[in-house]
Amino acid sequence: MKRMFLPDVEENPQPGPYRDAIQMMQRQGSEYPQIWHLFAYRPEATQHLARFTQEILRGPSPLAPGMRELIAAYTSQRNDCLF
């Protein structure tokens, strides 16, 4: 997996669920969303972003959660961003 553009963020995760998830995925040799590094680096500053994302993708909507995930994946691909 390619390193992030912000190595200080990637190398200094704070204790919490995102650091745990990153370490687990790294041990398994699995890929994971790189934004997790930002969530692990500053959990107090990114909690609102995590809640917002979950509400948009999982909250009440005329679109099913799977369709919203598909739209997000397509948009990421069009932006040359791994999803």
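The values are calculated or read from the model by the stated rules, or taken from the named source; none is laboratory data. This is a predicted model, so every value here is computed, not measured. Because the Cβ atoms are built from the backbone with ideal geometry, glycine has one as well, and the counts that use them run over all protein chains shown. SASA here: full protein model, heavy atoms, side chains in, ligands and nucleic acids out. Shrake-Rupley method; radii C 1.70, N 1.55, O 1.52, S 1.80 Å.
A few comments on the model shown:
- Residues Ser30 and Met67, FRET efficiency given R0 of 30 Å [Cβ-Cβ distance, rounded to 0.05]: 0.75
- Modelled FRET efficiency - R0 30 Å, Asp80 with Asp20, Cβ distances, 0.05 increments: 0.55
- Carbon plus sulfur fraction of accessible area for the chain, probe 1.4 Å, in percent: 60
- In a DSSP loop and with at most 15 other Cβ atoms within 10 Å, the GluC sites (Glu not before Pro) in segment 1-48 are Glu31.
- With the simple model of a label 7 Å out from the Cα in the direction of the Cβ, Ile56 to Glu44 spans 2.5 nm.
- Per residue, the chain exposes an accessible area of 79 Å² to a 1.4 Å probe, with every protein chain left in place.
- Here is how the number arises for the chain: DSSP H runs of 4 or more residues each give -39500 (n - 2.57), the sum is divided by the residue count, and the result at 222 nm is -19500 deg cm²/dmol.
- For the chain, the list of trypsin sites (Lys or Arg not before Pro) that fall in a loop by DSSP and count at most 11 other C-beta atoms within 10 angstrom reads Lys2, Arg3.
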